[in-house]
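Asker: For reference, the structure I am asking about is given below.
We did not get these values from a lab; they are worked out from the coordinates using the rules stated. Everything quoted here is computed from the prediction, not taken from an experiment. Methodologically, a virtual Cβ is constructed for each residue, glycine included, from the backbone with ideal geometry; neighbour enumeration extends over all protein chains shown.
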Amino acid sequence: MRTFPSARRHLVAAAALAAIAAPALAQSPRAAAPQSAAASAAGAPATIAAASTGPAAAAPREELFAAAEVQRVTITGSADEGYGAQDSSSATGLDLSLRETPQSITVISREQMDDFALQSINDVLALTAGVTVESVETDRTYYSSRGFDITNFQLDGIGMPFANGAQWGDLDTYFYDRIDVLRGANGLQSSTGNPSATVNFVRKRPTREFESSAALSVGSWNDIRLEGDVGGALTTSGNVRFRAMAFGQKRDSYIDRYSLDKKGIAALVDIDIAPHATLTFGYQQQASDADSPMWGALPLSYTDGTPTHYDQSTSTAADWAYWNNTDRVGFAELKVDLGNRWLASANVTRRTRAGNSELFYVFGHPDPVTQVGPASYPSSFAGEYDQTLVDLRMGGPFSLFGRNHSVSFGTNWARETAFEASGYGPAESIGVVLPPLDSWDGSFPKPDFDVSHDGSKWHTTRRTMFAAAHLNIADPFSLVLGLNATAIESSGFNYGVAHDYAPSKLTPYVGAILDIAGNTSAYASYTSIFNPQAEFDKNHRQLAPIEGSNAEIGVKSEWLGKQLQTSFALFRTSQDNTAVQDPGSFPATYHPEDATSKGFEAEATGRLAHGWDLSAGYTQITSLKHPDGTPANTYVPRRTLRVATAWRLPRLPALKIGGTLRWQDDIYTIDDNAAVVRQSAYAVLGLMASYDITSHLVATLNVDNVTNDKHYASLYWTQSFYAAPVNAMASLRWTY
């Protein structure tokens, strides 16, 4: 990036980083909550999973290794692309431009995340075309796309689906250079999951030239955040490079009693072990510790079926409740240039997620006059989820019948071990009627959670082989063909229910691309995916795996020297055999449901003009129904609009102004009181301004929900809480 600074600057950068990393990362504990607000509180809690390349100057050999990263990860492109990117391999594993990829992809760049203070994955996905963020609790979130749950989160293209459907804790975005969201099924690269979307986090990587940054942010509700990032060569030849990052954040909340302490560290080292081989080691860790978090949320209706009304600050959490999560990831990666633009990579990743919590659930409905009715259900929870993943792949170009083509193939193996334990207090602590929630201060005697226990323990192993080819059939026409073979086995138990299955599936991928102009392509594609499930029906027969498919046709264009990407897609997405709990069943039994969504998406991402960046997408689900014609997943908005734009003023280039818009149409649900609860259409407006004080120092101000709109955070469950009112964050960022 730049020449080596003086020793004094080295010390300044190191001191900034050390100040942030100094506090030891406590092992983050976690929490239990019912699968739905209507579910028995004794039900199994849902588990997490989951969850820049600095623009360093590269020698020719390093450029080859950057291409190798595309084979395995997600996106490459120039350092100054603004919002979005030009290339992707998420759908196929092949090095294709976005226009050549026959599926819908959105890229959220580091610049966009910094401009709008998108510090968590919830912030990012809330601004992503076609994605809905379902914040069911303060520290548990579901996501959906094209009407169905997103269960695949990956790191550099490697990962397994959520074990029980949701993201726990506040997953930070600081360690990532960009985030790639592939919509629809991703059976070729993800093997298992839902036909909704795959979210791929692309790590920041070591750089050859020295670079560093530090930031201080201050926001509403005593929100204070520190960040530090430093990297460069450790040897004069540059054959050993490093990058180290750390952040720390503490904040209170608009929600009574709730606070969050979040911190993380990451370190990566690149070693050129041979002229054409690079070995990378990396480790990252994040702790997310919450005080007085919600388990469940507010009741949506009074006993007479009319909708409840609470202040946005109202909470159901006890003053002693906590929910802590820790996520640790270590990996080793070898990339080899085999010559003739053929590249090979091997990756071994070990991930451990630990949780610990003591929580307070509130069930029942208040009287419309006295506001009394909801009652207590406390519980404790501890869980640990260990994943080991091995990925081997190779790819490159070849010639056949006088034309150039490309191929990618590989295999991967993954194993997850899960352990969960829930503790319950004495009977007298359950069912205690509380004072009116809007005046309750969280006081409740904390019980000893040693009267009874329940839990889970299971092992899941997945084996996959895949191959994909990009075939140039004729000058304007090409095909993308792929095949994935996956076998998965699981054994153990989950809260008294067997967690045993052993399905396998052969998944095809077919795509066709037709260049219809110098900058425009039409495409069509079909792919499928499956997702094993351990639920049983009322006859104690295990449900078949979820079967999902995605078919879409569309048009993609490149404008303004490929700086701006536009797309329009028609899609048909199906998900069959989804487990739905039988009403009133205890222990819970399930029945399978099928649903199909149809709709279209329009998106524009990139640079409209010098200094003017845009990321915008409109999605309309024209039909989301069960086979009998009844509406499915009514909590999912049928129309959404996401816009983020920033403009650097030509006459005052140090100043950048921008804004965001998140709009959705009305949604509804039927709660456990048989009441129809509706959320009318709403829009959330954000404003941003940044000023380059010097070439190294930038000040930024973000204000979100400028109109102070009051709306539910989600209707995914039969309880909910309110989204944040108007809030602001000011940041000061130094880079070298």
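Asker: If I model a spin label at ALA517 and SER504 as a point 7 Å from the Cα along the Cα→Cβ vector, what separation in nanometres do I get?
Answerer: 4.8
Asker: Note the per residue figure in Å³ for the convex hull of the C-alpha positions in the range 580-665. Kindly include the intermediate steps, with their values, before the conclusion.
Answerer: On the way: hull volume 11.9 nm³, N = 86.
Hull volume normalised by residue count: 138 Å³.
Asker: So which of LYS556/LYS625; LYS204/LYS335; LYS262/LYS457 end up more than 19 Å apart, counting from Cα to Cα?
Answerer: LYS556/LYS625; LYS262/LYS457
Asker: Per-residue counts of other Cβ atoms within 10 Å, averaged by peptide: what ranking do you get for 219-228, 644-653, highest first?
Answerer: Final packing ranking: 219-228, 644-653.
Asker: Another question, then. What does the extension gain come out to for LYS538 and VAL726, with contour length at 0.36 nm per residue minus their alpha carbon separation?
Answerer: Net length gain for the segment: 63.0 nm.
Asker: If you find the alpha carbon centre of the range 614-670 and of the range 337-380, how far apart are they in angstrom?
Answerer: Between the Cα centres of the range 614-670 and the range 337-380 lies a distance of 25 Å.
Asker: Sorted by mean Cβ packing within 10 Å, highest first, what order do the peptides 373-386, 487-500 take?
Answerer: Highest-to-lowest ranking by the protection proxy: 373-386, 487-500.
Asker: Based on DSSP H runs of at least 4 residues, each adding -39500 (n - 2.57), what is the mean residue ellipticity at 222 nm of the chain after dividing by all its residues, to the nearest 500 deg cm²/dmol?
Answerer: -1500 deg cm²/dmol
Asker: Give the Rg/Rh ratio for the range 312-366, taking Rg as the radius of gyration of the Cα atoms and Rh as the Kirkwood radius, to two decimals.
Answerer: Computed over Cα atoms, the ratio is 1.42.
Asker: Now, a different point. Based on the Kirkwood radius over alpha-carbon pairs, what value in µm²/s does the Stokes-Einstein equation return for the translational diffusion coefficient of the chain at 10 °C and 1.306 mPa s?
Answerer: 60
Asker: What FRET efficiency, computed as 1/(1 + (r/R0)^6) with R0 = 45 Å and r the Cβ-Cβ distance, is obtained for ASP438 and ALA524, rounded to the nearest 0.05? Kindly include the intermediate steps, with their values, before the conclusion.
Answerer: On the way: r = 54 Å, r/R0 = 1.19.
With R0 = 45 Å, the Cβ-Cβ based efficiency is 0.25.
Asker: Hey, rough spin-label estimate for TYR495 and ALA674, points 7 angstrom out along Cα→Cβ, what's it come to in nanometres?
Answerer: Distance between the two pseudo-spin positions: 2.5 nm.
Asker: If packing is taken as the average count of other Cβ atoms within 10 Å, what order do 197-203, 479-485, 108-114 fall into, highest mean first?
Answerer: The packing order, highest mean first, is 197-203, 108-114, 479-485.
Asker: Residue separation times 0.36 nm, minus the C-alpha to C-alpha distance between LYS710 and PHE477: what's the value?
Answerer: That works out to 78.9 nm of additional length.
Asker: Further question on the same structure: Pop a pseudo-label 7 angstrom from the Cα along the beta-carbon direction at both HIS459 and VAL348 and give the gap in nm to one decimal.
Answerer: Between HIS459 and VAL348, the label points sit 1.9 nm apart.
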